[in-house]
Amino acid sequence: MTLRARLSLAFALFAALPLAATLWPVSRTLSRALEAEHAARLDSAAHAVEGELARLAGQAAVAIADLAASPEAEAFAREHVTGAASAADEAARAAEWGAARGIPVLAITDPGGRVISSAHLPGRAGDVDPDLAALYRATPAGRAVARLVSRAGPEGVEPVLAFVAWREVA
């Protein structure tokens, strides 16, 4: 081995060994710091999503409570019980109320789950909706829960995720 080769090898070892010895701990420390930052950001995003979901659930519960307490809902209930309103007028009512209040998923049912009017599935009027009957049994009045709901759209009936709450009209 020539002197030039020996000097080049010695210089390479002299430079590479300290560099490798320094690079590994720095790389591990940097990796841990980046993982901690990523975990903190992910946790923050999860809290933001949970907060937004709670806000939307609260809005749904308040909108249904306001609608159930409204004079027009009470008048509708009276008309339905006495038979003063036609089935066609009753069937269109949920769409009107839903559009006016920004409630895209709205169904008016009797206590047994028979749909009187539906904003999201207009053709369901007169049918018993077992999902709504199960909701009435499982969820307390005024509490919004996330449910997969069938909704009529331009491409037919499709499932959508919605916060649903129910309230009895006095």
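List of remarks:
- Candidates L67, L19, L53, L23, filtered to the one that is of a type in the set (A, V, I, L, M), part of a helix (DSSP H, G or I) and touching a helix residue (DSSP H, G or I) at 6+ places or on another chain (Cβ under 9 Å): L67
- Annotation note: of E79, E72, E52, the sole residue that is under 30 Å from W97 (Cα atoms), of a type in the set (D, E) and open to solvent by less than 70 Å² (accessible area, probe 1.4 Å) is E79.
- Considering (1) touching a helix residue (DSSP H, G or I) at 6+ places or on another chain (Cβ under 7 Å); (2) buried (at least 16 other Cβ atoms within 10 Å of the Cβ); (3) not acidic (D, E), the lone condition that R101 does not fulfil carries the number (2).
- Tally, over the range 83-113, of residues that are of a type outside the set (A, V, I, L, M), over 18 Å from A141 (Cβ atoms) and at pLDDT below 85: 4
- Residue list for the range 154-170, restricted to those being among the aliphatic types (A, V, I, L, M) and either in contact (Cβ under 8 Å) with a residue 24 or more places away in the chain or part of a helix (DSSP H, G or I) (or both): V157, V160, A162, V164, A165, V169, A170
- Under the condition of being under 23 Å from the mean Cα position of the chain (by Cα) and either among the aliphatic types (A, V, I, L, M) or over 17 Å from A65 (Cα atoms) (or both), the residues counted in the range 97-117 number 7.
The values are calculated or read from the model by the stated rules, or taken from the named source; none is laboratory data. No experiment lies behind these values; they were computed from the predicted model shown. When we count neighbours, we look across all protein chains shown, and the Cβ atoms used for this are built from the backbone with ideal geometry, even at glycine. Each accessible area value is taken on the protein alone, full model and side chains, heavy atoms only, with ligands, DNA and RNA left out. Shrake-Rupley method; radii C 1.70, N 1.55, O 1.52, S 1.80 Å.
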